[in-house]
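Trainee: Encoded as structure tokens, here's the structure I'll be asking about.
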Amino acid sequence: MQELERIFKEIDNLAYDFLGIEDYVSAGRVKMLLMKYMENDGWIPVEKSLPEVSEEMEYIGSNEFIVMIKGAKFPTALKYTQTGTWIDEHSNVYNVIAWRPLPAPYCTEKGV
């Protein structure tokens, strides 16, 4: 897991430092693909790791993840903030036990 986290950090650094904000979002999609093949079908217990969220990610709204809330039966999407809290669109705080990146958007045609 630590190796993957180092890879993610390098992807983030390259995308943000050299390519710009738009490519920073694309780097998130690359990270999602890598996580898809991790153990536990891509779910990451919060005890193992938490998402790294920058100010830029919060600004462009790419700080949303699929989560399992403690006691819930189904996953939902919440935002992870730089302050280390999981919130919904109304800023309600939740106790999250595991998370994973959002899937890529649905495309009706190849490349669209």
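Trainee: Would you say ILE11 is modelled with pLDDT of 65 or more, over 26 Å from GLU89 (Cα atoms) and surrounded by 14 or more Cβ atoms within 10 Å (Cβ to Cβ)?
Mentor: Yes.
Trainee: Oh, and also: Starting from region 66-87, keep only residues that are under 14 Å from PRO45 (Cα atoms) and of a type in the set (Lys, Arg), then list their pairs with residues that are assigned to a strand (DSSP E or B) and open to solvent by less than 40 Å² (accessible area, probe 1.4 Å) whose Cβ atoms are within a distance under 8 Å, requiring at least 6 positions of separation or different chains.
Mentor: Matching pairs, first to second residue: LYS70/VAL96.
Trainee: Can you tell me which condition GLY111 does not meet? The list is (1) crowded, with 16+ Cβ neighbours inside 10 Å; (2) modelled with pLDDT under 80; (3) not in a helix (DSSP H, G or I), and all the others hold.
Mentor: Unmet condition: (1).
The values are calculated or read from the model by the stated rules, or taken from the named source; none is laboratory data. The model shown is predicted, which means the values in this text are computed figures rather than measured ones. Please note: Cβ atoms are built from the backbone with ideal geometry, for glycine as well, and neighbour counts cover all protein chains shown. Ligands, DNA and RNA are stripped out before the accessible areas are found, and what is left, the full protein with its side chains, is counted by its heavy atoms. Shrake-Rupley method; radii C 1.70, N 1.55, O 1.52, S 1.80 Å.
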